[in-house]
Structures are given as C-alpha cells and as structure tokens.
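Peer 1: One structure, as structure tokens, below. Some questions next.
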C-alpha cells in the first residue's frame with residue numbers, strides 16, 4: 001500500500017482511507033469490526049469518522065460509528081496502528097448534538113464538548129486528525145463548489161481566527177495532533193493557512209471534499225492550494241455515492257443500497273449526470289475494468305490527493321475498493337476520461 005505524508009509534517013497514511021459512516025445503520029458493529037480487521041491487514045492505516053455518523057444523521061444514531069470504532073480499539077488493543085481522523089459538526093440546524101440543545105456551531109464551548117465526547121466514544125486519549133466538518137459561515141452549498149455562484153445569505157459566524165485558537169489549544173493539550181477542514185472553499189482554506197502562519201499556530205494539514213468523475217471542481221481552485229500549501233485532499237464520495245458503479249442506471253434501486261434505503265442521492269441525479277455516468281461505465285468496460293475500480297484508481301493517482309476515502313457496506317465492496325490501489329490508469333485511458341469530462345463537465349458539483 002502506498003503511503004503519503006499527511007500535511008507538511010504529519011504521519012504517513014495509506015492512500016486508501018477507510019470511511020466508516022455506514023456503521024451503525026447500514027452496517028452492524030460486527031461488520032464494522034470485520035471491515036477494520038480486513039483493511040488494517042491489507043495496509044490501510046487511515047480511518048475517518050465523525051461525531052454525526054452514522055449516516056443519515058439523526059439523534060437516535062449520532063455517535064454510533066465512533067462507538068463501534070472505540071469498541072474495536074478496546075478489543076484489539078491496536079490504537080497505535082491506526083491514524084484516526086474524526087470531525088466536529090459545522091454550523092447546522094442539528095440541535096441534538098449538544099447537551100444544551102443548541103444548534104451546532106464552531107464555538108469554543110461546542111467544539112470542546114464535541115471533542116471530549118468523541119474521545120470518550122472512541123476510547124482514545126487523542127485524535128491524529130481533527131477536522132471541521134463544514135464551515136461555520138454561510139457558504140453557497142454544503143460540500144460543493146457550484147459552477148454558478150450565488151451570494152450566500154448573511155448569517156452569524158465564529159471568526160476563523162477564533163476557531164483556529166480553539167484547535168490550537170487542542171493540539172497544545174495533546175488531545176489532537178493535526179487539524180483539517182472539510183467541505184471548504186479555496187478562500188476558506190487560504191484564510192486558515194494564512195491565519196495560522198501569522199499567529200504561529202497549528203496549520204491545517206488536509207481538506208476533505210467530494211471528488212469524483214462527476215465532480216472535479218476541486219481541480220479549479222483548490223488543487224493548487226493543496227499542492228503548494230501541503231493541504232492535501234482527502235477525497236470523499238469517490239464513487240459519487242455509488243452512482244459511478246452504474247447500479248442506479250435506468251432507475252434501478254438495488255436492495256440494501258443507500259439511495260434505495262434513504263433516498264439521499266439527489267446530488268448525483270442532476271441534469272446531465274445520467275449521460276456522464278453511462279459514458280464512464282462504458283469506458284471502463286471497453287478497457288476491461290470494473291467501473292468502480294476505474295473511478296477509484298483515477299482518484300488514487302491524482303497528485304493533490306493525500307488519501308481516497310472509500311466506503312463499503314459489504315466485504316465484496318471493500319475488497320474491490322482496496323484492490324483499486326493496484327490499478328494504473330494508462331495515458332490512453334486518462335485521455336479518454338478527460339475527453340468525457342470535457343463533454344460532461346462537473347454535472348454534480
């Protein structure tokens with residue numbers, strides 16, 4: 001398994017990162033433990049979770065994924081073998097995360113409460129990477145970089161400098177080793193970088209945004225930031241929530257699939273998405289490749305990617321995803337991928 005450095009001076013992490021958000025709803029505790037056992041045995045040392053997991057987020061299952069991971073650490077006694085990342089919720093209407101019933105925001109009080117609860121559920125004294133799940137300020141859309149910009153509504157926000165102060169305190173206290181962003185813009189990323197440098201504080205090591213064939217908007221402004229500032233991409237949704245496998249084409253809804261269960265796939269059902277998905281699936285089959293593995297291998301090989309966050313609800317899916325590490329994209333295939341991208345550019349930003 002190829003290893004890449006997390007940030008400027010962090011640990012080496014596997015290019016495949018194990019995503020965990022299905023554990024607690026789609027997957028049982030036993031299945032989560034089986035996935036972690038397999039991933040670690042096959043060179044994956046990087047796990048990603050969040051306080052709001054499992055998904056879809058709701059009060060009844062909030063924290064269930066971290067609890068499953070914590071029980072695995074306790075049983076296996078192998079915390080030191082894993083680079084562990086979690087996230088604090090950004091500003092949202094969720095009012096069931098905090099003890100006082102307040103809606104989520106990135107205030108000192110809420111971030112401190114969130115971290116302490118995550119550490120307890122995970123049964124660990126520290127996190128290797130602590131990420132802001134979303135900006136505290138109003139942005140155009142959750143986790144996306146729309147091709148059509150709309151001025152976001154005015155809202156309250158905690159200043160980036162104050163949020164950075166809190167994160168810096170976590171690092172000084174030894175509870176967090178590195179910090180990162182998620183669903184962030186190029187402007188926001190650079191504000192965190194420059195604020196940290198001006199104040200000699202902890203520097204963001206990564207940014208976790210969506211990146212896949214249907215959404216390559218990261219390349220427009222953030223890829224240069226990632227490479228020049230050593231804030232590497234932790235790419236989530238590399239299979240566009242499974243749509244790039246082709247399993248949802250023609251309105252199909254396979255039993256047990258996420259969109260079938262939760263009807264949350266609207267991000268990948270936009271105008272133009274269907275024709276793009278068909279083109280990528282056909283290209284993979286022309287080259288004798290599994291469509292999922294081709295999509296994953298493309299993400300693995302991007303120079304601005306630190307890790308590709310894969311997710312699976314079955315062991316067969318997990319083996320396919322981890323196996324993508326061994327695949328290469330030839331210059332001919334990459335040219336064909338880019339040609340499809342030119343014709344069907346970012347239909348699902």
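The values are calculated or read from the model by the stated rules, or taken from the named source; none is laboratory data. From a predicted model like this one, the values you see are computed outputs, not experimental measurements. Cβ coordinates were reconstructed from backbone atoms using ideal geometry, including for glycine residues, and neighbour counts include every protein chain displayed.
Peer 1: So is residue 183 at positive phi and crowded, with 22+ Cβ neighbours inside 10 Å or not? Steps first, please.
Peer 2: On the way: at positive phi: yes; crowded, with 22+ Cβ neighbours inside 10 Å: yes.
When the stated conditions are applied, residue 183 passes them.
Peer 1: Please determine whether any residue of the stretch 156-168 is within 25 Å of residue 266 (Cβ to Cβ), in contact (Cβ under 8 Å) with a residue 40 or more places away in the chain and surrounded by fewer than 23 Cβ atoms within 10 Å (Cβ to Cβ). Talk me through it step by step, then tell me what you get.
Peer 2: From the stretch 156-168, those within 25 Å of residue 266 (Cβ to Cβ) are none; that's our starting set.
The answer is no, given that none of the residues of the stretch 156-168 is within 25 Å of residue 266 (Cβ to Cβ), in contact (Cβ under 8 Å) with a residue 40 or more places away in the chain and surrounded by fewer than 23 Cβ atoms within 10 Å (Cβ to Cβ).
Peer 1: For residue 267, state whether it is in contact with a strand residue (DSSP E or B) (Cβ under 9 Å, 6 or more places away or on another chain), in a helix (DSSP H, G or I) and closer than 26 Å to residue 182 by Cα. Reasoning before the result, please.
Peer 2: Values: in contact with a strand residue (DSSP E or B) (Cβ under 9 Å, 6 or more places away or on another chain): yes; in a helix (DSSP H, G or I): yes; closer than 26 Å to residue 182 by Cα: yes.
Judged against the criteria, residue 267 is a match.
Peer 1: From the set of residues in the stretch 98-129 that are touching a strand residue (DSSP E or B) at 6+ places or on another chain (Cβ under 9 Å) and part of a loop (DSSP other than H, G, I, E, B), which is surrounded by the most Cβ atoms within 10 Å (Cβ to Cβ)?
Peer 2: Per the criteria, the residue is 106.
Peer 1: Going by what's in this entry, would residue 242 be described as in contact with a strand residue (DSSP E or B) (Cβ under 9 Å, 6 or more places away or on another chain) and touching a residue at least 12 places away in the same chain (Cβ under 8 Å)?
Peer 2: Details: in contact with a strand residue (DSSP E or B) (Cβ under 9 Å, 6 or more places away or on another chain): no; touching a residue at least 12 places away in the same chain (Cβ under 8 Å): yes.
When the stated conditions are applied, residue 242 does not pass them.
Peer 1: Check every one of the strands (runs of 3 or more DSSP E) wholly within the stretch 153-253 and list those with 2 or more residues that are at pLDDT 95 or above and out of contact with any helix residue (DSSP H, G or I) (no Cβ under 9 Å at 6 or more places or on another chain).
Peer 2: Hits in the stretch 153-253: 176-182, 204-208.
Peer 1: Could you list, in sequence order, all residues of the stretch 15-50 that are buried (at least 24 other Cβ atoms within 10 Å of the Cβ) and under 12 Å from residue 81 (Cβ atoms)?
Peer 2: Correct list: 39, 44, 46, 47.
Peer 1: Out of 240, 210, which single residue is under 30 Å from residue 170 (Cα atoms) and crowded, with 22+ Cβ neighbours inside 10 Å? Steps first, answer last, please.
Peer 2: Numbers: 240 fails: under 30 Å from residue 170 (Cα atoms).
Matching residue, one of 240, 210: 210.
Peer 1: Going by what's in this entry, would residue 306 be described as touching a strand residue (DSSP E or B) at 6+ places or on another chain (Cβ under 9 Å), surrounded by 13 or more Cβ atoms within 10 Å (Cβ to Cβ) and within 20 Å of residue 15 (Cβ to Cβ)?
Peer 2: Details: touching a strand residue (DSSP E or B) at 6+ places or on another chain (Cβ under 9 Å): yes; surrounded by 13 or more Cβ atoms within 10 Å (Cβ to Cβ): yes; within 20 Å of residue 15 (Cβ to Cβ): yes.
Yes.
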